[in-house]
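Below: the structure, in structure tokens.
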Amino acid sequence: MPESQPHPWEKQVRLTLGRFDERLLREVAQKLVRPRNTWPVEDLIDRCVDTLANPVLIDRRLKDLDLSRGWLLSALGRSGQRRWTLGQLVELAMALGMPDGIAPIFDLLETGFLFPDIAGLDLEGEPPPPCKKPLLRGFDHWLGFAGSAGLALFVPETVVERARPFELPAALDFPPEALKENDPLLKGGIQVDGLEIPLRLAVLAQIARENPPRINQQGTFFKRDLERFRADSLLAQAPADAQCEIPDFGVFIAELAEKSGLLKRVEGDLHFTGFSTPWKNGLLALSTSLWDSLSTLELWNPAEGFREDFQNGANPFPMASFLAMVALGRLKENCWANLAAVEALVISRHPYWADLENVRPSRKDGWLRPFLLGVAFQLGMVETAKAEGGEWIRLTAMGRRIMRLDSNVPPGPDFSRTLLVQPNLEIVAFRQGLTPELISGLTQLAAWKIIGPACQLILQPESVYQALEGGMRHEEIRALLERHSTRPLPQAVLDSLQTWANKHERIAIYASATLLEFPSEKEMEEALARGLPALRISGRFAVATSEEGIDFSHYKLTATRDYGLAPTVCVEAREDGVTLLEDVASSDLILETELPRFADFDPGQSTQQLRVFTLSPESLNRGIQSGLTVPLLEDWFQSRLGHPMTSACRLILGPGGEAAPQVEKMHVVLVANEEMANGLAQWPETAQWISRRLGPTALAVAEQNLPSLREAMAKIGLSLKE
Amino acid sequence: MFPPRKAVLARIPVKLHRRVCLVLATDAILAEEILAHKKIAQDFCGRLTGQALLVRPGRLENIVEELQRMGHTPQVIQR
């Protein structure tokens, strides 16, 4: 049986404990594991991880804890978020009735139920052996780590899972006058389908795909992008069933997209990298993932919308909003709470509002309504009703499931056929049948035009190309539309899709392919017959997107060559100056495009290791016709043969500006030795009659000059024999 | 009886070119049209076959952008 994969928290716990000082590790293990012997640190870390994976042992340790510590863990269990800032946990502890907010956190750190998020700190490459390069000597010491990013902690999910049943304190109870139970007037609460935020996220994904938003050096959005988020009619437009305006809705969507992983930071830009797993697992999974991300928002708050001064965990609104939802979660299912009372409860408990006089007026009150009736309402987590006493609110069944209060959500009806694809390429998508998976599919292939009770998209060449570019095949696009369409797809739509797909397939660009070069067509046919996963592009070449899937046991590699490397010397010229020998082992692909331009392949003389090409007047003329010049050929010889162009090649290319060869009648004078020839060529009396020196001992003399030369030579006693 | 012997297939000689960047057109005329475009002609090393054009290392993005500007919709096949 294969070994199961460790949970992400296990790895994080191991890494964190490994960065503890040994004494600190033994102190934590003493409380968590309670070892009876002194174990090596590696074993101790193993036992800590085993204990945190053991529900029985966790329950035992939880029983030993002060009840208030259990409240803290239980409250954290209302979210799937496992990383919290220290400030948020202090706020939560104080709100739950622990005036010294830091003490309970230290208790949980010492018990091994909470861990400082230091695993990746100062590390590059492999982590050191456990406790060999400790980063933390004590938790007091850790408080000094607070840098610009602030301090953060993480809690293993097994711990919050076991602590979830802890009853939260009565401090979170609403006063009786703020509750209505089984009130007939409150039967018909308003709730929405929870798709509004996913739809806006889909719109943002399209915007980011076209033009990725940028992050400035302060870690916030560029002004241009902020304006885009605020002005975009689809992104910023109020939802159809809005009960309350969400300030800076577009900016909220943008930050949520980043925190939930829909957009990823790549070198200062926010890139859309595809829809993550929750989008494929239904609305409940997606809403749960979005709820889990809400506590990490830094730039947006429900009171003022976008604010830059709340970075690095100093924003009280995420935890205050979370607290409101936790308090609502304590209500019975048929019980409603007064909205104003919910805010009053949070303000009375949260330390940020303890000194109310010093709180900015815009943040004093009224901020919870945009969160509960805006964000939580649009996520489908709460429902609202108006009755005597103002607005009343409670969690929906889905909200209770998202907050891990209930495991049952009645399955909704299946309206998979929810699209109306029209001949003018518009798609009407009825909300009843929309799912995150369908939204993500449609986002990839059509542009959103209207978001409302019935949404509208349009199929455009660009949007379809992007879908094809993203890996969707034409058949998949067609199948998606057919599967969800209420009527057969109009012929015009089918034709357009086919046309665009055909056009898309006209040019393929292989960014980093593997090219297989065979000695001849026969070998390539044989390879393809044996199942080579490659596309034939000529008689000798086949292209594969990667080497994965190539069974190399079928092949004998004659050479491998990296296309990115610079061209090298890999050709030799025979003595005749016109026969070029390509060394197959060292030649590169570019040579394959160069040689055939001006030389003819000679298969008769070629072997597997050596390919033979011949230069001829015809072949060189072909090269000149295709744009080659003599200087280019000179460069080519220098780079590929390592020496200048051969004389034969130069001769074939023509004499250039020199005079044409002439035929003349000459006498050849042969002398006894080189010294004598030098003297005759140098002494002006004789030199004036010599036309050319032909060699070391041969001189050319024109017929009419021969008597004069004879006369000059006679002066020094030399005679010419016939 | 001996079990039948498996036929041993001879290994096929092949030369491997890694990290090759190339543009593959459906027909030679289209390849010619691409190669004739002044703005990208310099980005190609040459023509490997009638339909396959070798791209100079590092020039891919320019080619994709220019092809899109020309009204083509190339499919970029990554690893």
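The values are calculated or read from the model by the stated rules, or taken from the named source; none is laboratory data. Since this is a predicted model, take the numbers as computed values, not measurements. Cβ: placed from backbone, ideal geometry, glycine included. Neighbour counts: every protein chain shown.
General observations
- Helices (runs of 4 or more DSSP H) completely within the range A:1-116 that count 1 or more residues being of a type in the set (Phe, Trp, Tyr): A:8-18, A:67-76, A:102-111
- Subset tally (residues that are modelled with pLDDT under 90 and polar (S, T, N, Q)) for the range A:347-372: 2
- Residue check for A:Glu308: in contact with a Ser or Thr (Cβ under 6 Å, 6 or more places away or on another chain) and in a loop (DSSP other than H, G, I, E, B): yes
- Consider the range A:559-598 and keep the residues that are hydroxyl-bearing (Ser, Thr, Tyr) and over 20 Å from A:Arg540 (Cβ atoms). The one that is surrounded by the most Cβ atoms within 10 Å (Cβ to Cβ) is A:Thr579.
- Annotation note: Cβ proximity below 7 Å between a residue of the range A:568-586 that is away from chain B (no Cβ under 14 Å) and a residue that is acidic (Asp, Glu) (sequence gap 6+ or interchain) occurs for A:Val571/A:Glu582; A:Leu581/A:Glu572.
- Every condition in (1) buried (at least 21 other Cβ atoms within 10 Å of the Cβ); (2) assigned to a strand (DSSP E or B) is met by A:Ala254 except one, and the failing one is (2).
This table checks each residue for (1) buried (at least 20 other Cβ atoms within 10 Å of the Cβ); (2) out of contact with any Cys (no Cβ under 9 Å at 6 or more places or on another chain); (3) within 24 Å of A:Met94 (Cβ to Cβ); (4) not hydrophobic (A, V, I, L, M, F, W, C).
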residue	(1), (2), (3), (4)
A:Pro156	yes, yes, yes, yes
A:Val160	yes, yes, yes, no
A:Arg164	no, yes, yes, yes
A:Glu167	no, yes, yes, yes
A:Ala171	no, yes, yes, no
A:Ala178	no, yes, yes, no
A:Ile190	no, yes, no, no
A:Ile197	yes, yes, no, no
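- The set of residues in the range A:364-382 that are part of a loop (DSSP other than H, G, I, E, B) and aliphatic (A, V, I, L, M) comprises A:Leu379, A:Met381.
- Residues that are surrounded by 21 or more Cβ atoms within 10 Å (Cβ to Cβ), modelled with pLDDT under 90 and not aliphatic (A, V, I, L, M) are absent from the range A:48-71.
- Residues being buried (at least 18 other Cβ atoms within 10 Å of the Cβ) and not in a helix (DSSP H, G or I) - total across the range A:383-404: 10
- Taking the listed residues A:Ser68, A:Ser79, the one that is among the small types (Gly, Ala, Ser) and more than 14 Å from A:Val159 (Cα to Cα) is A:Ser68, with no other qualifying.
- Looking only at residues in the range A:492-541 that are small (Gly, Ala, Ser) and in a helix (DSSP H, G or I), the one that is modelled with the lowest pLDDT is A:Ala501.
- Residues in the range A:506-536 that are facing chain B (nearest Cβ under 8 Å) and of a type in the set (Lys, Arg): A:Arg506, A:Arg530.
- Among the residues making up the range A:199-247, those that are of a type in the set (Gly, Ala, Ser) and in a helix (DSSP H, G or I) are A:Ala202, A:Ala205, A:Ala208, A:Ala231, A:Ser233, A:Ala236.
- Filtering A:Gln432, A:Gln466, A:Gln460 for residues that are within 26 Å of A:Glu196 (Cα to Cα) and surrounded by 17 or more Cβ atoms within 10 Å (Cβ to Cβ) leaves a single hit, A:Gln466.
- Looking across the range B:27-79 at every residue that is of a type in the set (D, E, K, R) and surrounded by fewer than 14 Cβ atoms within 10 Å (Cβ to Cβ), the one that is nearest to the other protein chains (Cβ to nearest Cβ) is identified as B:Arg79.
- Taking (1) surrounded by 22 or more Cβ atoms within 10 Å (Cβ to Cβ); (2) more than 7 Å from chain A (Cβ to nearest Cβ); (3) of a type outside the set (Asp, Glu); (4) over 11 Å from the mean Cα position of the chain (by Cα) in turn, B:Val14 satisfies each apart from (2).
- Residue that is farthest from A:Glu343 (Cα to Cα), among those in the range A:95-106 that are crowded, with 20+ Cβ neighbours inside 10 Å and in contact (Cβ under 8 Å) with a residue 60 or more places away in the chain: A:Leu96
- Residues satisfying the criterion are absent from the range A:617-631 (criterion: more than 14 Å from chain B (Cβ to nearest Cβ), touching a helix residue (DSSP H, G or I) at 6+ places or on another chain (Cβ under 7 Å) and in a strand (DSSP E or B)).
- Residue within the range A:267-282 that is surrounded by fewer than 22 Cβ atoms within 10 Å (Cβ to Cβ) and either outside the structural domain of A:Ala344 (by TED's automatic domain parsing) or within 17 Å of A:Ile246 (Cβ to Cβ) (or both) present: no
- Among the residues of the range A:490-505, those that are in contact with a strand residue (DSSP E or B) (Cβ under 8 Å, 6 or more places away or on another chain) and either at the interface with chain B (Cβ under 10 Å from one of its Cβ atoms) or surrounded by 17 or more Cβ atoms within 10 Å (Cβ to Cβ) (or both) comprise A:Val493, A:His504, A:Glu505.
- Annotation note: Cβ proximity below 6 Å between a residue of the range A:597-622 that is within 20 Å of B:Leu48 (Cα to Cα) and a residue that is crowded, with 16+ Cβ neighbours inside 10 Å and among the polar types (S, T, N, Q) (sequence gap 6+ or interchain) occurs for A:Phe598/A:Ser619; A:Ala599/A:Ser619; A:Asp600/A:Ser619; A:Val612/A:Ser606; A:Thr614/A:Thr579.
- The residue list A:Glu227, A:Glu255 contains one member that is under 17 Å from A:Pro198 (Cα atoms) and at pLDDT 90 or above, which is A:Glu255.
- Scan the range A:257-284 for residues that are assigned to a helix (DSSP H, G or I) and either touching a residue at least 60 places away in the same chain (Cβ under 8 Å) or in contact with a Gly (Cβ under 7 Å, 6 or more places away or on another chain) (or both) and the total you get is 5.
- Where A:Leu420 falls short, out of the listed (1) surrounded by fewer than 21 Cβ atoms within 10 Å (Cβ to Cβ); (2) farther than 19 Å from A:Ala240 by Cβ: (2)
- Among residues of the range A:125-153 that are surrounded by 13 or more Cβ atoms within 10 Å (Cβ to Cβ) and at pLDDT below 80, those with a beta-carbon under 6 Å from a residue that is β-branched (Val, Ile, Thr) and not in a loop (DSSP other than H, G, I, E, B) at least six positions away or on a different chain give the pairs A:Pro130/A:Val41; A:Pro130/A:Ile45; A:Cys131/A:Val41; A:Gly150/A:Thr85.
- Filtered residue count, the range A:431-444, keeping only those that are more than 15 Å from A:Thr273 (Cα to Cα), assigned to a helix (DSSP H, G or I) and not basic (Lys, Arg): 7
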